[in-house]
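The values are calculated or read from the model by the stated rules, or taken from the named source; none is laboratory data. Note that the structure is a prediction, hence the values are computed from the model and not measured. Neighbour counts run over all protein chains shown; Cβ positions are idealised from the backbone, glycine included. Each accessible area value is taken on the protein alone, full model and side chains, heavy atoms only, with ligands, DNA and RNA left out. Shrake-Rupley method; radii C 1.70, N 1.55, O 1.52, S 1.80 Å.
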Amino acid sequence: MKSLNPSEEKFAVPSSGTALSIMPSVISLSPCLKTEPFTIAMRAIKRCQEYTRRFQYYLKCDIRKFFESVDHGILKSQLRRIIKDDKLLTLLDLIIDHSVPGAPLGKGIPIGNLTSQHFANFYLGELDHFIKDKLRIKGYVRYMDDFISFSNSKEELHGLLYEIGLFLERELKLKLKDKVTRLSPVSEGAPFLGFRIYPQLIRIKRENLVRLRRKIKRKEKLYLKGKITEEMLVQSVGSMTAHVSHGDSLSERRHIFNTSLKLA
């Protein structure tokens, strides 16, 4: 099978100015990724914090039912611009055309699939270039469908919100979730990847901390019932707490472990 252009296999793509988009610029079918998702998320969070120190305001947008709304025709057209191998394109078409429960015909990619994660990043690549290269927004970070922009001007961000909404509907057939769109001072903390990010502090959002505690409790119950081994429990809890370690969450993590199961 013909490989993709190695010069395009990047996960962190700097643009003009100082904007950064966290995305693969091409699809990689290898199970061994060049950059671990954990590392990419950490870089995105740290870059977001850098921007809270440089700009006064943030604009946080959310796409309505993103995975269920990805248009198959647009995604296939995007892939054909960079991939010329007919056999590979046929394979990708089969993956894309796989039906997604609840999604309209010709739309949707399964949430959680490795290929879907890459397709999602790739699909929104055009949004990245629109914001960074055409609109010249200097503070911008995206991880999957979670993206946030920064500016010292509220007016600029209001204009950006309007332009993003038009672009998504016209070019990608997506819509913003208006109720959760936020334009606020960075002093209030920028919400990104489950954290509240301040210039000097990164806090895990309370609802995510509660969710984490519940997941750990469920794993402990499975261990006590003998359904998973101690090693499986330790690995699972380690994986769960890895993401929250991006933030200043040491006291929260200590509390979780101090109130959790003590293994012999």
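For Q117, the conditions (1) in contact with an Asp or Glu (Cβ under 8 Å, 6 or more places away or on another chain); (2) closer than 15 Å to V70 by Cβ all hold with the exception of (1).
Of all the criteria given as (1) touching a Leu at 6+ places or on another chain (Cβ under 7 Å); (2) more than 24 Å from D133 (Cβ to Cβ); (3) at pLDDT below 80; (4) of a type in the set (A, V, I, L, M), the one not satisfied by A12 is (2). Here region 152-183 is the region considered, the condition is being basic (K, R) and in contact (Cβ under 8 Å) with a residue 40 or more places away in the chain, and the residue that is nearest to P104 (Cα to Cα) is K173. R80 meets all of the listed conditions (1) at pLDDT 95 or above; (2) of a type in the set (D, E, K, R); (3) in a strand (DSSP E or B) but one, namely (3). Among the residues of region 108-127, those that are within 13 Å of R142 (Cβ to Cβ) and over 13 Å from the mean Cα position of the chain (by Cα) comprise E126, L127.
Taking region 184-214 only, how many residues are assigned to a strand (DSSP E or B) and without any contact (Cβ under 8 Å) to a residue 24 or more places away in the chain? Result for region 184-214: 1. Yes or no: L212 more than 26 Å from G139 (Cβ to Cβ) and open to solvent by less than 20 Å² (accessible area, probe 1.4 Å)? Criteria met by L212.
Just to be sure, is L183 of a type outside the set (V, I, T) and either more than 19 Å from the chain's Cα centre (by Cα) or open to solvent by 80 Å² or more (accessible area, probe 1.4 Å) (or both)? Criteria met by L183. Determine, yes or no, whether K46 is under 27 Å from D93 (Cβ atoms), of a type outside the set (S, T, Y) and either under 15 Å from the mean Cα position of the chain (by Cα) or open to solvent by less than 70 Å² (accessible area, probe 1.4 Å) (or both). Here the answer is no, as K46 does not meet what is asked. Name the single residue that is nearest to F147 (Cα to Cα) among those in region 191-209 being open to solvent by less than 60 Å² (accessible area, probe 1.4 Å) and among the aromatic types (F, W, Y). Among those that are open to solvent by less than 60 Å² (accessible area, probe 1.4 Å) and among the aromatic types (F, W, Y), it is F192.
Here E68 passes the criteria (1) at pLDDT below 90; (2) under 26 Å from F167 (Cα atoms); (3) not β-branched (V, I, T) except the one numbered (1).
Reported count of residues in region 53-83, each being open to solvent by 60 Å² or more (accessible area, probe 1.4 Å) and either among the aromatic types (F, W, Y) or in contact (Cβ under 8 Å) with a residue 24 or more places away in the chain (or both), is 6.
Got at least one residue in region 140-151 being out of contact with any helix residue (DSSP H, G or I) (no Cβ under 7 Å at 6 or more places or on another chain), of a type in the set (A, V, I, L, M, F, W, C) and either free of Cβ contacts under 8 Å to residues at least 12 places away in the same chain or open to solvent by less than 80 Å² (accessible area, probe 1.4 Å) (or both)? Please lay out each step first, then the result.
Initially, region 140-151 is screened for residues out of contact with any helix residue (DSSP H, G or I) (no Cβ under 7 Å at 6 or more places or on another chain), giving 146-147.
The next check asks that each one be of a type in the set (A, V, I, L, M, F, W, C); those that pass are 147.
With either free of Cβ contacts under 8 Å to residues at least 12 places away in the same chain or open to solvent by less than 80 Å² (accessible area, probe 1.4 Å) (or both) added as a condition, the list becomes 147.
Yes, there is a match, as at least one residue in region 140-151 is out of contact with any helix residue (DSSP H, G or I) (no Cβ under 7 Å at 6 or more places or on another chain), of a type in the set (A, V, I, L, M, F, W, C) and either free of Cβ contacts under 8 Å to residues at least 12 places away in the same chain or open to solvent by less than 80 Å² (accessible area, probe 1.4 Å) (or both).
I need the full set of residues from region 108-125 which are open to solvent by 40 Å² or more (accessible area, probe 1.4 Å), outside any loop (DSSP other than H, G, I, E, B) and in contact with a helix residue (DSSP H, G or I) (Cβ under 6 Å, 6 or more places away or on another chain), in order please.
If we filter region 108-125 for residues that are open to solvent by 40 Å² or more (accessible area, probe 1.4 Å), which is where we start, we get 111-115, 117.
Of the ones still in play, those that are also outside any loop (DSSP other than H, G, I, E, B) are 114-115, 117.
Scanning region 108-125 gives a single hit, T115.
Of the residues examined, T90 is not one that is in contact with a Cys (Cβ under 8 Å, 6 or more places away or on another chain), surrounded by fewer than 18 Cβ atoms within 10 Å (Cβ to Cβ) and over 13 Å from V70 (Cα atoms).
Hey, does region 220-235 have a residue that's in a helix (DSSP H, G or I) and at pLDDT below 80? There is at least one residue in region 220-235 that is in a helix (DSSP H, G or I) and at pLDDT below 80.
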